[in-house]
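Below is one structure, written out as structure tokens, with a few remarks after it.
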Amino acid sequence: MDGDATDTFDVARLVHGFRPPPQPATGLDDVQLAAADRRMRHWRDPAGGPLVPGSDRHADATCRMFRDTFNPYRPAVLDWPVLEPAVRDRIVALPIWDIAVQTEGKARLRMAAYAGTLRDPGMRDALALNAWEEQRHKDVLARLVAAYGIELAPEPVQHPPRDPEWAYLVTGYSECIDSFFAFGLFALARRSGLFPPALVDTFEPVMQEECRHILLFANWAAWHRARLSFLRRVRFEAKVAAVWAFLAWERVGLARAIDADGGACAQDNNFTLHGARTVADDRVGVCRLLALCLAENDRRFAGYDERLLRPRTVPRLARLVLRLAKPFGWRR
Ligand SMILES: [Fe+2]
Ligand SMILES: [Fe+2]
């Protein structure tokens with residue numbers, strides 16, 4: 001079996017009838033890898049006409065997009081390049097590994113828990129597959145941590161959420177924020193040359209998967225809210241507002257990661273918001289980083305059917321900041 005033998009999480013325990021997608025028994029050859037990579041970045045519904053949010057066609061296109069763009073890579077066959085000691089030390093010192101592993105663990109559990117409550121079989125399968133992919137991200141990280149001798153704090157035990165919808169909304173909107181900044185930071189890391197290209201390439205499919213995840217989330221949210229009665233819709237919008245308030249509170253640093261001993265954790269909950277200095281050695285200003293995040297966000301979404309909705313809030317806020325900063329000539 002792939003992955004950490006002590007990690008017994010199974011999506012099927014929370015989503016009745018879920019079957020993991022088929023994966024090749026061995027690694028893919030270069031031609032197959034290139035084809036899988038192309039497939040995961042491009043998808044178009046062959047049927048014409050609008051995809052009205054909330055309609056069966058919209059749900060069907062969303063779920064097919066997610067299924068058809070699945071990339072069958074196996075973490076077990078990923079190459080971990082041998083690193084120069086200085087590069088290895090830089091990677092080990094990044095303050096993200098505990099948070100990254102725990103975030104993937106939380107995401108898989110919350111997505112699977114919410115998927116298990118859905119009656120629509122297409123959406124249930126899509127969200128369960130998303131949970132399975134988070135599990136695979138955790139597996140990739142576990143292998144990286146083992147390959148480079150990174151020490152992790154003990155993982156707190158995660159329990160299924162009491163309110164699966166709230167937990168899924170928190171995870172989904174979190175991914176919308178983190179992925180937007182991660183796209184830019186990832187491009188910065190690639191350009192800076194501080195990390196070996198082979199290592200950056202290993203994480204490229206993971207990054208594109210996060211793009212698919214938030215594309216699925218944005219369309220699930222639009223589909224879900226369009227089908228609610230007036231009163232349920234009001235309740236849902238209040239919940240969404242509370243989720244954004246919670247995330248804003250968390251991200252401005254009022255919430256500090258607390259380790260198992262109750263002390264403030266040295267790991268960085270907000271790395272995606274201010275990690276530029278860690279992945280590039282020249283000074284990167286807020287505006288330049290936001291512009292790069294926007295460009296990367298557009299590039300990663302460009303291959304998917306334009307009738308599917310994109311996450312809008314974070315790119316809009318970024319554009320607003322850039323517009324407000326322009327008269328001051330604030331470019332760095
Ligand atoms: Fe993930
Ligand atoms: Fe994700």
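The values are calculated or read from the model by the stated rules, or taken from the named source; none is laboratory data. Remember, it's a predicted structure, so these values are computed and weren't measured experimentally. With ideal geometry, Cβ positions are generated from the backbone for all residues, glycine too; neighbour counts draw on all protein chains shown.
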Name the residues in the stretch 294-317 that are of a type in the set (Asp, Glu), out of contact with any strand residue (DSSP E or B) (no Cβ under 8 Å at 6 or more places or on another chain) and surrounded by fewer than 19 Cβ atoms within 10 Å (Cβ to Cβ), would you? ASP298, GLU306
Could you tell me whether the stretch 71-89 includes any residue that is assigned to a helix (DSSP H, G or I), more than 16 Å from ligand 2 (Cβ to nearest atom) and within 17 Å of HIS137 (Cα to Cα)? yes
Which residue is farthest from ligand 1 (Cβ to nearest atom), if the candidates are limited to the stretch 170-188 and must be over 17 Å from GLN208 (Cβ atoms) and surrounded by 24 or more Cβ atoms within 10 Å (Cβ to Cβ)? GLY172
Just to be sure before I move on: is PRO85 more than 19 Å from LEU129 (Cα to Cα), modelled with pLDDT of 90 or more, out of contact with any strand residue (DSSP E or B) (no Cβ under 8 Å at 6 or more places or on another chain) and exposed (fewer than 15 other Cβ atoms within 10 Å of the Cβ) in the structure I sent? yes
Candidates ALA248, ALA242, ALA257 - the one that is at pLDDT 95 or above and within 24 Å of TRP166 (Cβ to Cβ): ALA242
Note on the stretch 131-176: residues β-branched (Val, Ile, Thr), within 16 Å of ligand 2 (Cβ to nearest atom) and at pLDDT below 95 are VAL140
Residue by residue through the stretch 56-70, note down the ones that are in a helix (DSSP H, G or I) and either touching a strand residue (DSSP E or B) at 6+ places or on another chain (Cβ under 7 Å) or free of Cβ contacts under 8 Å to residues at least 12 places away in the same chain (or both). ASP56, ARG57, MET65, ASP68
Selected residue (criterion: farthest from PRO24 (Cα to Cα)) from residues of the stretch 51-80 that are more than 19 Å from the chain's Cα centre (by Cα) and at pLDDT below 95: TRP80
Name the residues in the stretch 92-126 that are of a type in the set (A, V, I, L, M, F, W, C) and farther than 30 Å from LEU152 by Cα, would you? LEU118, MET123, ALA126
Select from the stretch 184-216 the residues that are more than 11 Å from ligand 2 (Cβ to nearest atom) and either aliphatic (A, V, I, L, M) or in contact with a strand residue (DSSP E or B) (Cβ under 8 Å, 6 or more places away or on another chain) (or both) and list them in ascending order. LEU185, ALA187, LEU188, ALA189, LEU194, ALA198, LEU199, VAL200
Taking ARG110 as the residue in question, decide whether it is in contact with a Pro (Cβ under 9 Å, 6 or more places away or on another chain), closer than 28 Å to PRO24 by Cα and modelled with pLDDT of 95 or more. yes
Quick check on the stretch 188-199. Is at least one of its residues in contact with a Pro (Cβ under 9 Å, 6 or more places away or on another chain), within 21 Å of ALA245 (Cα to Cα) and among the basic types (Lys, Arg)? no
Out of VAL87, VAL92, VAL101, VAL82, sole residue that is touching a residue at least 60 places away in the same chain (Cβ under 8 Å) and among the aliphatic types (A, V, I, L, M): VAL87
Could you list, in sequence order, the residues of the stretch 96-131 that are small (Gly, Ala, Ser) and either assigned to a helix (DSSP H, G or I) or within 17 Å of GLU175 (Cα to Cα) (or both)? ALA100, GLY105, ALA107, ALA112, ALA113, ALA115, GLY122, ALA126, ALA128, ALA131
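Yes/no matrix, rows are residues, columns are (1) modelled with pLDDT of 95 or more; (2) farther than 29 Å from PRO50 by Cα; (3) within 16 Å of ligand 1 (Cβ to nearest atom); (4) out of contact with any Ser or Thr (no Cβ under 7 Å at 6 or more places or on another chain):
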| residue | (1), (2), (3), (4) |
| --- | --- |
| ARG191 | no, yes, no, yes |
| LEU194 | no, yes, no, yes |
| LEU199 | no, yes, no, yes |
| PHE203 | no, yes, yes, yes |
| GLU210 | yes, no, yes, no |
| LEU216 | yes, no, yes, no |
| ASN219 | yes, no, no, no |
| HIS224 | yes, no, no, yes |
| ARG227 | yes, no, no, yes |
